[in-house]
Amino acid sequence: FGVFVVFIWREQAGDEREIMHSMFSDRIAFFTGSGILLAWVVAGELQHQLSPWVLFALGGMIVAKVAGLIYTKLRL
């Protein structure tokens with residue numbers, strides 16, 4: 001189910017208002033995921049049990065966001 005929701009399911013936005021709702025929900029999802037991973041990094045570091053996969057996931061999210069911003073700036 002998780003693979004389907006993350007990679008396959010696509011929203012179909014019809015007008016500008018629906019596009020804004022979609023962009024807002026994407027932004028909320030990114031900030032929520034980043035916040036959870038950042039809290040995990042802090043908690044892991046305080047317990048001296050930090051998993052490198054958490055850092056890779058957080059770094060991947062940040063790189064993907066920056067790459068998406070650069071891509072959209074160059075395309076528009």
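The values are calculated or read from the model by the stated rules, or taken from the named source; none is laboratory data. Quick caveat, the model's predicted, so the values are computed rather than measured. Cβ atoms come from the backbone with ideal geometry, glycine included; neighbour counts cover every protein chain shown. These area figures cover heavy atoms from the full protein model, side chains too; ligands, DNA and RNA do not enter into them. Shrake-Rupley method; radii C 1.70, N 1.55, O 1.52, S 1.80 Å.
Annotations for the structure displayed:
- Whole-percent pair-distance distribution, where bins are 10 Å wide, for the alpha carbons of the chain: 16, 36, 33, 12, 3
- Heavy-atom accessible surface of the chain: percent carbon and sulfur, 1.4 Å: 71
- Ellipticity estimate at 222 nm from DSSP helix runs (n ≥ 4, -39,500 (n - 2.57)) divided over the chain, nearest 500: -26000 deg cm²/dmol
- At an R0 of 22 angstrom, the distance between the Cβ atoms of residue 7 and residue 51 translates into a FRET efficiency of 0.40.
- Residues of the chain: accessible area per residue with a 1.4 Å probe, Å²: 90
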